[in-house]
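See below for the structure under consideration.
Just so it is clear, none of the values below were taken in a lab; they were calculated from the coordinates. Treat the numbers as computed from the prediction; the structure is a model and nothing was measured. We place every Cβ from the backbone using ideal geometry, glycine too, and count neighbours over all the protein chains shown.
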Amino acid sequence: MIRKSLKRIGLVLLVVLVIAQFFGPEKNEGDIVSVDAFIADTNPPEDVHTILENACFDCHSDHTNYPWYNAITPVNYWLADHVKDGKKHFNVSKWTDYSDKKKDHKLEELAEEVEEGHMPLPSYTWTHSDAKLSKEQIEAIEEWVKMARIKYAFLKDPQ
């Protein structure tokens, strides 16, 4: 009796899982050129630009390069939530919408999060090994942020 009930429950769960594969969250498939204003304004050196592409833009811009496993429900919902949360905190595609004070603060946060090892998220680097940052890459980001923030410090408080 119990065995038969467990089989039914398993079958129902399997059917629900199969049906769920036909549905999914909205994808973050904006245009990658949406990061151009951020790049032009902050002028990262080539090595930092590559780091940003590999470790940041998937979750912090309007364009995500989705891995193959994004086609699997419920993984796609988990990824969509990460992207939504990342964009809520910092979206380079909305860079022109930020005030100079906010731009300065976002760059400061970027450097802090990277330096403290909070970004990129470990769950991201598990499957994106090129997003794991070396000590030298972290230092390059910190140096770039220092240089980029000079402009915003002046614009926030011109003397």
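In this simple spin-label approximation, ASP130 and GLU112 carry label points 7 Å from Cα along the Cα→Cβ vector, and these lie 3.1 nm apart.
Summarising the amide proton neighbourhood of ASN91: residues at separation of 5 or more, or on other chains, whose placed amide H is nearer than 5 Å comprise an empty set. For HIS63, the amide hydrogen comes within under 5 Å of the amide hydrogens of GLY30, counting only partners 5 or more places away or on other chains and with H modelled in the peptide plane. By the count of neighbouring beta-carbon atoms within 10 Å, fewest first, THR96, THR50 end up ordered THR96, THR50. Shown for GLU136, GLU113: other C-beta atoms within 10 Å of each C-beta, ranked fewest to most, produce the order GLU136, GLU113. Sorting TRP144, TRP68 on the 10 Å Cβ count, fewest up front, what's the list? Least to most surrounded, the residues fall as TRP68, TRP144. The reciprocal of the average 1/r between distinct C-alpha atoms defines the Kirkwood hydrodynamic radius, which for the range 92-142 equals 12.1 Å.
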